[in-house]
Amino acid sequence: MGWRIEYYSSKLEKEILKLPAGLLARYLHLTDLMLEFGCNLGMPHTRPLEDGLFELRIKSKEGIARAIYCARSGKRIVMLHVFVKKTQKTPKRELRIAMRRMKEVIGR
């Protein structure tokens, strides 16, 4: 059984599909790799954050985006949050959103 990707909500899925074309193409390519090789592709594609969160590092000519996700049992990857990055560091607000969503996913 291979890996599978789930989304926190259909709203999040729609947000991802609204990314600029280059960022969306890169996201789709990286998630294809995750389906084959697992949730941790290593730098420069993925990076562990804190408390079980990972970030998918998406970069194209349009800019930089991050998708924050967690891994669950049964080879499941749950996408929790996506945002276009505008600062050097990942904003704490974005991490808090992802952390809150991860706690909800674990509690289900």
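The values are calculated or read from the model by the stated rules, or taken from the named source; none is laboratory data. Please read these numbers as outputs of a predicted model, since none were measured by experiment. Neighbour counts are summed over all protein chains in view; Cβ atoms, including those assigned to glycine, are modelled from backbone coordinates with ideal geometry. The accessibility values were calculated without ligands, DNA or RNA, using every heavy atom of the protein model including side chains. Shrake-Rupley method; radii C 1.70, N 1.55, O 1.52, S 1.80 Å.
Please sort through the DSSP H helices of the chain and keep those with an alpha-carbon extent of at least 18 Å along the long axis and a Kyte-Doolittle average not below 0.5.
On the way: long enough: 21-37 (24 Å, 0.82); 92-107 (22 Å, -0.66).
Long hydrophobic helices here: 21-37.
Under 25 Å from the Cα of Lys18, which lysines turn up, not counting those fewer than eight places away in the same chain?
In chain and number order, the partners are Lys59, Lys61, Lys85, Lys86, Lys89, Lys92.
Can you run the Rg to Rh ratio on segment 55-108? Use alpha carbon positions and the Kirkwood inverse-distance Rh.
My calculation of the ratio gives 1.02.
Would you mind getting the Kirkwood hydrodynamic radius of the chain from its Cα pairs, rounded to one decimal in Å?
Values: mean 1/r = 0.0722 Å⁻¹.
13.9 Å is the Kirkwood radius here.
How high is the relative contact order of the chain, given as a whole-number percent (alpha carbon pairs under 8 Å, six or more residues apart)?
27 percent
Can you check what the net charge comes to around Ile5, using other residues whose Cβ is under 12 Å from the Cβ of Ile5 (Lys, Arg +1; Asp, Glu -1)? Before the final figure, lay out each step's value.
On the way: positive: Arg4, Arg72, Lys75, Arg76; negative: Glu6, Glu13, Asp32, Glu36.
Combined, the nearby Lys, Arg, Asp and Glu give 0.
Order the peptides 84-91, 12-19 from the highest to the lowest mean number of other Cβ atoms within 10 Å of their residues.
Per-residue mean Cβ counts within 10 Å order the peptides as 12-19, 84-91.
Give me the percent of accessible area attributable to carbon and sulfur for the chain, probe 1.4 angstrom. Don't jump to the answer; show the numbers that get you there.
Numbers: 3450 of 6430 Å².
Result for the chain: 54 percent of the exposed heavy-atom area is carbon or sulfur.
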